[in-house]
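Notes follow once the structure below has been shown.
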Amino acid sequence: MPLPDNYLKYSHRKYGFDHDHFAWTPDTKRAPLQLKSGAKAAAFIVVPLEFFPLNPPAEPFKHPGAMKTPYPDLRHYTTRDYGNRIGVYRILKVLNEFGIKATFAVNAEIAKRYPPLVDAISNAGHEIAAHGVSTAHIHHEALSEQQETALISECRSIFPDATTWMSPARNESYRTPRIIAELGFKTLLDWEADQRPLPFKTESGNLTCLPLMHELSDFKLMVDNRQQADDWADQILEAAEFHIADHERSGAQCFGFTLTPYVVGQPFRIRALRRVIEGIARLDGLEVATAQQIPTMFKE
């Protein structure tokens, strides 16, 4: 059967992107940025705190960390629960030991179920970001605008003061940025198209996208790629050293990485976690801050 005549026609085809959120500007054509502190690079850490139901929906897809085997998958369910009971407190201890403040991206269901955990994070001076309702509530294009607005509004009601948003599974519909801007969020962690704060336009106001690097995620490297904890730690520290060394060519840049409580919070990975946190805390030329702080740290 021949292809229809309109198969190769695409109304948004043009130079650059097929969206208007930001312009296509290659690294070689941009003016270097500088940090107000004089540091050569900045880093931020995101700790996702997620609720995983025992029988998650499969549409539009299961969250990457969702249950793996037929119901009831108690092995994976209790491992995720271990992260929120045990692993996260190990992460908090190491962060606090070296004076590093992180961004904890929290599902609304976690906040409702485990208030003492949220209090421990807030009392330690870390940022709390909104991370959707739960891992069973993925944002995608098949949702109606009313449905998606209701999900984001529910999350906003639990985190009225949050300014940073990260979608469950970092998945969006085309409407998500506009809706979160409407509801007062300022910083978005779903897109990672750059190595600096990226001004992001929506019909409801501007956001700032920060490069939370999936390729440095502990889940990606140690679970998906089956790398050892020391290999993961080496790559985090190498990324930090690269950004510092690249300052002369590109100016100040930033990057983020995740610490997943049920992954890096395991006892046999704490040594590697300590090496990462101690390393970035003591690395000359690197400033570590929360996602909320990063956009304000760069000179205009």
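Laboratory data are not the source of any read-out in this text; all were calculated from the coordinates shown. What you see is a predicted model; the values in this text were computed from it and never measured. Using ideal geometry, Cβ is built from the backbone for each residue, glycine included, and neighbour counts are taken over all protein chains shown.
No solvent, one uniform scatterer per C-alpha: report log10 I(q)/I(0) for the stretch 1-156 via the Debye equation at q = 0.13, 0.15 1/Å, two decimals.
Taking Cα atoms of the stretch 1-156 as identical point scatterers yields -0.89, -1.02.
Compute the distribution of all C-alpha to C-alpha distances in the stretch 207-289, in bins of 5 Å from 0, and list the percent of pairs in each, rounded to whole numbers.
3, 14, 26, 24, 18, 10, 5, 1
Averaging the inverse of every distinct alpha carbon separation and then flipping it gives the Kirkwood radius. What is it for the stretch 150-190, in angstrom units?
Evaluated on the stretch 150-190, it is 10.2 Å.
Using the Cα centre as the reference, give the magnitude of the dipole from point charges on the C-beta atoms of the chain (Lys, Arg: +1; Asp, Glu: -1; all else neutral), rounded to the nearest 20 debye.
Dipole of the chain, to the nearest 20 debye: 360 debye.
List the extent of the Cα atoms of the stretch 149-300 along each of their three principal axes, largest first, rounded to whole Å.
Sorted largest first, the three principal extents are 42, 37, 24 Å.
Please list, in order along the stretch 79-89, the HN-Hα scalar couplings obtained from phi with the Karplus expression 6.51 cos²θ - 1.76 cosθ + 1.60 (θ = phi - 60°), rounded to whole Hz, x for Gly and Pro.
Taking θ as phi minus 60°, the curve returns 5, 5, 5, 4, x, 7, 9, 10, x, 5, 6 Hz for the stretch 79-89.
Note down, for the stretch 164-236, the three equivalent ellipsoid semi-axes (square root of 5 times each alpha carbon gyration tensor eigenvalue), biggest first, whole angstrom.
The equivalent ellipsoid of the stretch 164-236 has semi-axes of 29, 13, 8 Å.
May I ask you to compute the full-extension gain from Ala31 to Glu238, defined as 0.36 nm times their residue separation minus their alpha-carbon distance, rounded to one decimal in nm?
Working: separation 207, 0.36 × 207 = 74.52 nm, distance 2.45 nm.
In short, 72.1 nm is gained.
Rg and Dmax of the stretch 1-57, Cα atoms, in Å?
Considering the stretch 1-57 through its Cα atoms, Rg and Dmax are 22.0, 63 Å.
Given the Cα-Cα distance of Thr78 and Ala142 and 0.36 nm per residue of separation, how much length would full extension add, in nm?
Values: separation 64, 0.36 × 64 = 23.04 nm, distance 3.08 nm.
Length gained between Thr78 and Ala142: 20.0 nm.
Taking the Cα centre of the stretch 1-76 as origin, work out the dipole magnitude from +1 charges on Lys and Arg Cβ and -1 charges on Asp and Glu Cβ, in debye rounded to 20.
380 debye
Averaging the inverse of every distinct alpha carbon separation and then flipping it gives the Kirkwood radius. What is it for the stretch 109-214, in angstrom units?
Evaluated on the stretch 109-214, it is 14.2 Å.
Within 10 Å of each residue's Cβ, count the other Cβ atoms and sort Trp165, Trp191, Trp232 from fewest upward.
Trp191, Trp232, Trp165
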